[in-house]
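The values are calculated or read from the model by the stated rules, or taken from the named source; none is laboratory data. Quantities reported herein were computed from a predicted structural model and do not represent experimental measurements. All Cβ positions, glycine included, derive from the backbone under ideal geometry; neighbour counts span all protein chains shown.
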């Protein structure tokens with residue numbers, strides 16, 4: 001496998017576009033750090049850090065965690081040694097304001113952003129993927145009735161628990177999430193296009209799409 005020339009990345013796409021799947025495919029051949037802000041938030045709260053305590057208090061009050069706190073968590077994660085081999089920011093930033101904060105974080109750390117990989121998936125496919133998702137009532141394992149079904153319908157492969165569809169996986173909620181994505185992130189995508197950083201993938205077949213991505217990221 002060729003060396004990864006473009007290794008500091010943002011994976012960009014609607015909910016259900018497959019950002020996590022593509023991150024996993026890239027990690028199989030290149031040792032990049034996969035960074036999800038949701039995972040960072042849960043980890044900071046679990047470890048009872050200063051940032052975690054601040055975020056937890058805000059969330060308990062029913063408010064959104066401010067961009068500055070999230071950027072602080074991203075800064076801490078990017079400063080860890082494994083990120084020097086490359087990183088994937090999965091779904092972050094989501095707004096132009098967050099992108100500005102990320103610019104400052106990267107500059108302070110002496111790092112640069114190499115490419116924004118945009119997974120452009122048709123809306124009908126996104127809605128199909130989101131509304132086909134079910135999760136285990138006990139262990140929370142996630143399945144998709146179309147793309148990743150359990151071996152036995154309605155039963156978790158891991159613990160044998162009942163598979164249920166969460167309220168936030170309904171068609172109405174899926175449409176709302178898609179609208180929020182376009183409303184909030186279209187200006188962000190335009191910003192990165194102006195910088196000449198966007199590489200767009202429209203191929204839906206994972207193996208072919210992964211090859212397209214690797215060919216791009218391994219180029220000088």
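So which residues in region 14-29 are assigned to a loop (DSSP other than H, G, I, E, B) and within 17 Å of residue 113 (Cα to Cα), if there are any at all?
Matches in region 14-29: none.
Just the residues that are within 16 Å of residue 163 (Cβ to Cβ) and without any contact (Cβ under 8 Å) to a residue 40 or more places away in the chain, please, taken from region 118-132.
132
Which residues, taken from region 184-215, are closer than 20 Å to residue 86 by Cβ, out of contact with any helix residue (DSSP H, G or I) (no Cβ under 8 Å at 6 or more places or on another chain) and modelled with pLDDT under 95?
Correct list: 211, 212, 215.
Going by the structure shown, is residue 75 free of Cβ contacts under 8 Å to residues at least 60 places away in the same chain and surrounded by fewer than 15 Cβ atoms within 10 Å (Cβ to Cβ)?
In short, no.
It is to be established whether one or more residues within region 180-188 are in a strand (DSSP E or B) and either in contact (Cβ under 8 Å) with a residue 24 or more places away in the chain or under 21 Å from residue 34 (Cβ atoms) (or both).
no
Among the strands (runs of 3 or more DSSP E) lying completely within region 85-148, list those that include at least 2 residues that are over 18 Å from the mean Cα position of the chain (by Cα) and surrounded by 16 or more Cβ atoms within 10 Å (Cβ to Cβ).
By residue number, 133-136.
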